[in-house]
1. Given 10 Å bins starting at zero, what is the percent of C-alpha pairs of segment 27-139 in each, up to the one with the largest pair distance?
2. Can you order the peptides 36-44, 166-174 by their average number of other Cβ atoms within 10 Å per residue, highest first?
3. For residue 94, what is the net charge nearby, where nearby means another residue's Cβ is under 9 Å from its Cβ and Lys, Arg count +1, Asp, Glu -1?
4. Express the carbon and sulfur contribution to the solvent-accessible surface of the chain as a percent, rounded to the nearest whole number, probe 1.4 angstrom.
5. Largest first, how would 100, 215 line up by accessible area (1.4 Å probe)?
6. Run the numbers for residue 89 and residue 257: contour at 0.36 nm per residue of separation, minus the present Cα-Cα distance, in nm.
7. Could you compute the FRET efficiency for residue 231 and residue 69, with r as their C-beta to C-beta distance and R0 at 30 Å, rounded to 0.05?
8. 7 Å from Cα along Cα→Cβ at both residue 264 and residue 171: what's the point-to-point distance in nm?
Amino acid sequence: MVAAMLAGCGGGGEPTPAPSASPVPLVQARPYSFKVPSRYSPSAPTPLLIVLHGYGSNGGNLAQYFGVLAGADKHGYLLAYPDGLTDAAGNRFWDATDACCNFYGKPVDDVAYLGAVVDDVAAHYNVDPKRVYVAGHSNGGFMAHRLACDRGDRFAAIVSLAGAVWQDASRCTAASVVNVLQVHGDADQTILYTGSAVYPSASQTVATWAQKNGCTGTLEAAGADKDLDTWIPGAETRSETYEGCPPGGAVGLWTIEGGAHVPAFGPAWEDALWAYFKAHPKP
């Protein structure tokens with residue numbers, strides 16, 4: 001697979017470090033950008049959202065694209081938007097799956113690093129352990145699935161836009177159930193909705209999670225279509241969810257019909273994203 005084909009949104013602002021010195025060694029070496037909601041109170045357990053950028057992008061750019069900078073403040077979430085390491089081609093990446101995107105074999109353990117980010121935020125703020133969420137795009141979407149596979153005990157839910165789980169489902173150990181939402185445009189020419197030789201389709205990705213979470217039903221329509229992509233007329237996003245999933249193990253698929261790799265999101269996407277997190281804490 002050609003590395004450039006997996007690039008998400010490029011550009012964006014430079015990262016700024018977390019607001020205070022970290023006692024966590026992995027974070028000392030790799031500071032992350034961070035935002036505290038204006039109504040934060042140390043006495044109240046507060047949800048945390050981590051957003052993960054695509055290949056060649058950065059955390060600040062993804063936070064802007066997803067619209068979570070203002071939204072985290074409005075909804076009262078702590079927000080972390082870290083950066084992946086830079087590879088030999090000068091592109092930031094996450095070491096998510098064999099498909100994406102550590103193309104040069106750089107030694108890195110991003111599962112450990114992102115766990116350290118959670119630890120670091122919790123060392124400084126009152127994080128609600130039942131409301132820690134991850135949302136990622138492209139390479140960041142792959143990484144969200146990797147975190148759910150390896151450390152589902154730490155995360156209430158993941159939202160993956162144009163990512164995928166391991167092609168070999170046995171590599172996703174998934175010792176804990178986790179809420180999973182896959183969002184994918186069926187006209188995506190970068191990460192194919194129908195999958196490839198090295199990563200599964202969107203439907204197979206959610207089928208893998210339904211099996212691992214112990215869902216007993218099938219994938220069924222779930223409510224009215226959503227109008228998430230401002231470039232596509234009408235309500236273009238079909239919402240489906242598996243029936244018979246256990247508490248804390250909901251599995252859903254939002255298909256953006258005609259949607260590309262970088263959908264043109266607006267307020268409707270932001271509202272849907274925050275509503276999903278609110279509805280999917282750990283039990």
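The values are calculated or read from the model by the stated rules, or taken from the named source; none is laboratory data. All figures in this text were calculated on a predicted structure; none of them were measured in a lab. As a convention, Cβ positions derive from the backbone with ideal geometry for all residues, glycine included, and neighbour counts pool all protein chains shown. What goes into the accessible areas is simple: the full protein's heavy atoms, side chains included, and nothing from ligands, DNA or RNA. Shrake-Rupley method; radii C 1.70, N 1.55, O 1.52, S 1.80 Å.
1. 14, 46, 30, 9, 1
2. Per-residue Cβ counts within 10 Å, averaged per peptide and sorted highest first, yield 166-174, 36-44.
3. Details: positive: 92, 146; negative: 95, 110.
Charge balance near residue 94 sits at 0.
4. On the way: 5930 of 10910 Å².
Carbon and sulfur together cover 54 percent of it.
5. Order by accessible area, largest first: 215, 100.
6. Here the answer is 57.2 nm.
7. Result of the calculation: an efficiency of 0.85.
8. Each label point lies 7 Å from its Cα, and together they span 3.6 nm.
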